[in-house]
Amino acid sequence: MNEDNPSLISELLTDENYIVLVEDILKNEEFKKLKTIEHHGTSRLNHSIKVSYYSHKICKILGLDHISTARAGLLHDFFLSDNERSKTERIISIFTHPKKALKKSLEQFDLNDKEKNIIESHMFPINIILPEYIESWIVSTVDKIIGLYEFLEKYSLKQLHVPNIYLLLLIKIFS
Ligand SMILES: [Fe+2]
Ligand SMILES: [Fe+2]
């Protein structure tokens, strides 16, 4: 598994204003298991931190609910899976994992309606559950940009910088 610029993750985790919102999740023993699960060439934990952090930043700039966004963004892919899954299992998981993540999150944490919708709808339009809140749209979009970046990085195509440009553009438009 690619270690995925650990300095970036460490840097994000120095933001005290962010940490205070998600500390209980990061310390949860079940959630910590995401560290060993491969996800787009990085760990599912690192992927989730990036999606959560950048989504919450955008929401903060826009004066939206950055707390629910930080928490649900972190939980959006909270499901355990085998690193040796077959291709078929991985394809099925594209459609089924938002429901699994919601179930797993509810087993460990109390969630409000917005947090539930953020998790359940993050794969829209692949998954037909509609994002009902602007925060849900933001997490879903940021997840796709981060996912694309990780995918390019996995295949050493990061010099394209395409997702970075989209992310900067998104932050620029909203700021
Ligand atoms: Fe996902
Ligand atoms: Fe994701």
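Any read-out appearing in this document is the output of simple, stated calculations on the displayed coordinates, not a laboratory observation. Owing to the predicted nature of the structure, the values given are computational and were not obtained by experimental measurement. For neighbour counting, all protein chains shown are included, and Cβ atoms are generated from backbone atoms with ideal geometry for every residue, glycine included.
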Report summary line: Scoring region 6-174 by relative contact order with C-alpha pairs under 8 Å, at least six apart, yields a percentage of 21 percent
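Give me the number: length gained by fully extending residue 148 to residue 80, i.e. 0.36 nm times residue separation minus the C-alpha to C-alpha distance, one decimal in nm.
22.3 nm
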Requested in this report: Have a look at 25, 91, 128 and tell me which one the Gaussian network model of the chain (Cα, springs below 10 Å) gives the largest fluctuation.
Outcome: 91
Requested in this report: Arrange the peptides 107-115, 64-72 so that the one whose residues have, on average, the most other Cβ atoms within 10 Å appears first.
Outcome: 64-72, 107-115
Query raised in the report: If r is the Cβ-Cβ distance from residue 95 to residue 30 and R0 is 25 Å, what FRET efficiency results, to the nearest 0.05?
Result: 0.60
Report summary line: In deg cm²/dmol, rounded to the nearest 500, the helical mean residue ellipticity at 222 nm of the chain, built from -39500 (n - 2.57) for every DSSP H run of length 4 or more, is -21000 deg cm²/dmol
Query raised in the report: Scanning the chain for helices, which whole DSSP H stretches are 20 Å or more long along the axis (Cα) and average 0.0 or more by Kyte-Doolittle?
Result: 134-154
Query raised in the report: With labels modelled as points extended 7 Å from the Cα through the Cβ direction, what inter-label distance (nm, one decimal) is found for residue 88 paired with residue 15?
Result: 4.2 nm
